[in-house]
Structures are given as structure tokens and as C-alpha cells.
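Reviewing the structure listed below.
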Amino acid sequence: MQKKIILLFYLVFSLNLFAQQQIEKSKDIVVVLGRKYYVHTVKEGETIYSLSKVYEVPQEDILLINKEVVGNLQEGSALRIPIIDENYTPAPLNKVTFTEHKVEKNESLYSIAKQYNTTQDNIIRYNPQIENGLTKGMVLKIPIEEKEEIVAKDKFFEYHQIKNGDNLQIIALQYGVSVEEILEFNENAKELVVGEILAIPIKKLSEEQKAILKFNNSFEPNFFDVDPNYFEDPNYPPCTKFIYDDTMTFKIAIAFPFFINENYNYSYDAVSSPKNAHYYKNTKIFYEYFQGIILAVDKLKKEGMNLRIYLYDTKADSSTTAAIFKKYELSKMDLIIGPVYSNNYSVVNEFSKKNKINVVSPLSNKIEVIENNPFVFQITPDNKTVLEYTAMHIAMNTDTSVVFIINNGTKEQKLLADTFKYFLSINVDNVDSLRCKDVTFSKFITPYQQNLLPEIHNIVVITSTDEVEVSAILNNLNSLVAVSKYKITVYALPVIAGFTKLQSDWIANLNIHFASMTYKDLDNWKTREFRNNYNSKFGSYPTMYAYMGYDISYYFISALRLYGKYFQFCLGENDEFMQKGIFMKFDFERCNETGGFENRGHYMLYYNDNMELLLKEEPPSKFDNRVEK
């Protein structure tokens, strides 16, 4: 908090040019030649860049329509800004001629656009039939626009119109800035298109000022002490003031690889009769997940919420996902759950940041998904986060003096081992009382026998996620216990719960533990109620994916009800807000100052002698005092 207060102080008092009111859309509308426009009066500190973000209109549209005033934008200037709605198709603002192009084999829309120095969207605009894909022999109308030269600047930016022969290095040299500074404010500038506009910063901006400008579309540091990326939407109340009423309807999109057409050939009743259904490839888990969502939505509707659910079949390829996220209707969602695969998140990240819609990543544990986007929630923790929790647990609960870390020497496993050692060192009460020792993975017993100590309780941490490697380690450790009476407790990563080759004597002798965000307690009445409801509706008992679908959708839709669309800025403020579902534990923290949220909720589980998975009881208070990375 001290850091945030200092940062707020700096932002308010360092440069008064960054102090302005939040930009609001104008309510004044005019019609010129059949086209509707907002009439926006420029206020102190507003820029073409920030106005284009607020009104969601390309910079060149604003500049071309207002040529008489943008040469040097001043406070009090009146700008016409086109109103874009679902029926809006941008009219050409420049003289347009056309040439024809016959599609050849192996050509793509990208290559054709690049050939004619235009954009893919421009080609689609005049050839709507190609939205479903190109075919050989198809004849396309290619727009050739004669761009008018634009010269414009305002208080913070100059605006450069891309010309033939331009590249980022030349433009950066021309304006005395770096390529990186241009890319900061022009996300699509890696591929230059003649006629498009780049915003070139006149003044050197700090990282904090860039964060405010990007996420708040102005330099106003409102609520910066609450969250460094806090922004206000003039059309929506902040989470602290949101009150749900029954006139509101939330729209939720579910974007999963359902493979609906392919599954139709297996069973047209896959959702309602899972007991008898067959599924295409590995899609069963997504239908189970969706069945859990159905039960959560039913419960929330009974509690008085108005919900509208939209389903999208992302298949398993990026192009299908990209096409879905271009749909206008998706930009009007309040929450999106999915897609599943991390390789789709480059498309999703751009979409969610532009439209300010929270997206839930339900299965991926790759931290890259959330690193630069404050609108993405990652449900499954990264392995480094899991080992941080494991280190804190061991520091609290062990009386031994040595912890052995087994890794195979790869860069990834060495990083995990170093992460564990760091968090163990900062969480143990006495640094000298507990030390770590690295042991290199081996298929043979000798390295383990040479390092582990028969006279003490050996804590062994395994950083591998490979079942063959982990099985070899457990087999060798079990031999030490059986033959030489070593006392060993093993801590593994959560993936071990899915291993199929674990042997009963390993379980009995090695006291295997692992951290998990999920735990099924069949003695809990809520769990039993869910099982019964699921069985009654779908004719079978829920899998872990059905439990996850229920908990995740109930959690996030409940957050919408409590705090509104931008709930991330209020999570944790209400002590009564659900931290535990019937199966999952939730504890979201931002991964960095400009990133999204990672679930850091964990249970510590262990196997007993009967191979039953049980919950390790631990005092919660010490885990509330986290040490910052």
C-alpha cells in the first residue's frame, strides 16, 4: 500500500498536464448526409489517440472528417466523430478505385492484403462472401484508396500517416523516438499499411503514465491507490457503487471446443444424456464442464438473476477462434468463459483489452496468458505459484533440517527448483535451521542413497511433471524405505493426481503430498446436493470437470451480481464473498502491475495408506501474510 500511495503522489504532482477529467462520450448528435456523428468538444489534455479509444473509432476516421481543426488540436475544438453501431459499415472517406484479383492456390487473405498494400478488413468489407474462407478461382474486388495526406498533432502526440517506403526505424528516426515507444501506442504497427495513422508520443511518458493512458484512455489517476490499472467507463458505474436490480440482464459467452457438428454424428443428445453419449475425440470433458455451468446458471436464476447464455464452438484452431472474436455481438458480453487453449489467447487478449470484457481462462496454467492483460483470469495456477505455496507449507509444518529437491537439470526444472528454494528461505522462521539440497534425477537408486539421510525425516520435492520420471523417482525412494528404513515425505506437483501408474506401496510408504486448487469432500452437504442435482438432471454423477464448470461459473457470475462488469477491482473487498466453491478454492491476485489475475487458492492434499486423497489441515493465518515476489 505504501508503494501505491507514493505512486499516486507522484502521478498527481509530477506533471499537471496529466490531470484532467475522465473522457465522456458526447450526448450531442448530428446527421450529415445521412450519417450520424457525435459532436465532441475537446477538453484540456484530450488527444486524437485517447478519443479514438473512447469512441472506438480509428484515428484516421477522426482526422479525415475533421481536417479543418486537427492540424493543431486545441481545447474547445468541436470534432465530428462517426457513430458506430451493429449496422454501421464505414463509408470510404477517400477516393476509392478497384482492381480485380483472382485467387490462386495456397493464397491467403493476409498475403493478398499485403500484395495490394491494404488491410484484410478492407478486402472483407467489399467482398463479404469471403468471411467463410477463400476458394481457388474466386474473383475479389480490391479497394485502392487514394489517401489524402494528413498533418496533425495535439498536446501529447503527433500523428504520422504511413507512406510507401516507410518502416518503423525510419519513422522513429524522423520523430526522435524509439521503435518501442511507437509500438507502445500502436499495437498493429508491426505490419504497416499505407494511409493508416500512427500516434507518435511527443513527451517521454513514465511506465505509470502509459498504464493510465492505455487502460483509462486519459491521464487522470483516479482510484490509482485502489488499483494501478483502474479505469472508469462513463457508461457504467464503478464496482464500489454497483447495485444489481431485476431490470438488468447479464450476457455470458461460453467459448469451448465443442465440435458440435462432429459430435452430432456420435450422439445428438450428448448434453442431456451423458451416460449413454459418445463423444468426438477428447471433447467429453467440455460437455461435462458445460453441464456444471448449466446447474450454476439454474441456481443463479432461482436466486433472482437475469442471464442470457451464448455458446460458441471454437473447434481446436486459432482461425475459428479469431472469426468468433470478430463478431459484433461478442463485444456486448459482460463475461466470457473460454477459450480453452493457450495458443488462442493472442486473439483473445487483443479483443478483451479493446472491449474491456473480463475473460476466464478455465484450464491453461501458462502465465503468459495473463501477463499483459488486466481482463484475463487464470483459474489453474502456474507451477511456480504451486511451489511457492508448497514451500510455505513445508516451512510451517516441518521439523527436519534438509529438504531435497529432485530435478532433471533442464532449464525449466532448474527454474522451478530455484523458485521453491527462494520461497522456502523467506518463509522459514530461522534460515539456518532449514537448508535445501539439489539432487539430479536418475533412473537408478545410487544418487538418492548417497544424498538422503537415514537418521532424519527426509522431505523430497519433485519438480518433474513427466509420469515416467516421477514413477522412476518414487520407485527408487520406495526401495530406500523398504530396504533401509528411510523416513520420507514426498511433495509433487498437482499433475500427479492424474497419473495412472502410482503403485499402492509407493502411496503407503512415501506419504505423498501435493497442492491442488480442487478437493472433493463427499461429507460436505453442498457436495452431496450438487451430486444429487447433477444425477437427477443428467443421469450420471459429476466428474471433476462438471464440478469445475459449476464452481467457476457460479463464482464469476456472482461477482457480476455483486460488483458489476468490472468486478476485478472489488474482489476481496467483501469478506462474505465466496472464496471456496464446492470443489475449488479461489484467491485471485494480479500477476504484475499491468497483467491479469492468477488463482492462488490451494489445498494441501495427501494420500493415506488406503490410497484415499485427504485434506491436510493447516492454520490459515500464516498464509495470509504473503511475501511479495
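Annotations for the structure displayed:
- Sole exception among (1) under 26 Å from ILE394 (Cβ atoms); (2) modelled with pLDDT of 85 or more; (3) touching a helix residue (DSSP H, G or I) at 6+ places or on another chain (Cβ under 8 Å) for VAL627, by number: (2)
- Check on GLU207, buried (at least 16 other Cβ atoms within 10 Å of the Cβ), of a type outside the set (A, V, I, L, M) and at pLDDT below 70: no
- Of the candidates LEU452, LEU477, LEU434, the single residue that is at pLDDT below 85 and either open to solvent by less than 20 Å² (accessible area, probe 1.4 Å) or over 19 Å from GLU612 (Cα atoms) (or both) is LEU434.
- Selected residue [buried (at least 20 other Cβ atoms within 10 Å of the Cβ), closer than 29 Å to ILE379 by Cβ, among the aromatic types (Phe, Trp, Tyr) and out of contact with any strand residue (DSSP E or B) (no Cβ under 6 Å at 6 or more places or on another chain)] from PHE423, PHE514, PHE499: PHE423
- Enumeration of residues in the stretch 106-123 that are among the aliphatic types (A, V, I, L, M) and under 29 Å from the mean Cα position of the chain (by Cα): LEU109
- Residue match in the stretch 606-622 (condition: under 27 Å from TYR345 (Cβ atoms), part of a loop (DSSP other than H, G, I, E, B), open to solvent by 40 Å² or more (accessible area, probe 1.4 Å) and at pLDDT 80 or above): no
- When restricted to residues that are loosely packed, with under 13 Cβ neighbours inside 10 Å and modelled with pLDDT under 90, the stretch 455-469 contains 1.
- Pairs with Cβ under 6 Å, 6+ apart, first in the stretch 162-186 and under 19 Å from LEU63 (Cβ atoms), second open to solvent by 50 Å² or more (accessible area, probe 1.4 Å): ILE162/GLU196
- Where strands (runs of 3 or more DSSP E) fall wholly inside the stretch 305-403, the ranges with 3 or more residues that are among the aliphatic types (A, V, I, L, M) and crowded, with 16+ Cβ neighbours inside 10 Å are 335-337.
- Matching residues in the stretch 110-142 - criterion: being assigned to a helix (DSSP H, G or I) and of a type in the set (Gly, Ala, Ser): SER111, ALA113
- When restricted to residues that are of a type in the set (Val, Ile, Thr) and at pLDDT 90 or above, the stretch 496-527 contains 4.
- For the stretch 574-605, the set of residues classified as of a type in the set (D, E, K, R), part of a loop (DSSP other than H, G, I, E, B) and modelled with pLDDT of 65 or more consists of ASP587, GLU593, ARG600, listed by residue number.
- Condition met for LEU571 (in contact with a strand residue (DSSP E or B) (Cβ under 8 Å, 6 or more places away or on another chain), outside any strand (DSSP E or B) and not basic (Lys, Arg)): yes
- Residues located in the stretch 308-341, provided they are among the hydroxyl-bearing types (Ser, Thr, Tyr), touching a residue at least 12 places away in the same chain (Cβ under 8 Å) and in contact with a strand residue (DSSP E or B) (Cβ under 9 Å, 6 or more places away or on another chain): TYR310, TYR312, THR314, THR321
The values are calculated or read from the model by the stated rules, or taken from the named source; none is laboratory data. It should be emphasised that the depicted structure is a prediction, and the values quoted were computed from it without experimental measurement. All Cβ positions, glycine included, derive from the backbone under ideal geometry; neighbour counts span all protein chains shown. Ligands, DNA and RNA are excluded from the accessible area calculation, which covers all protein heavy atoms including side chains. Shrake-Rupley method; radii C 1.70, N 1.55, O 1.52, S 1.80 Å.
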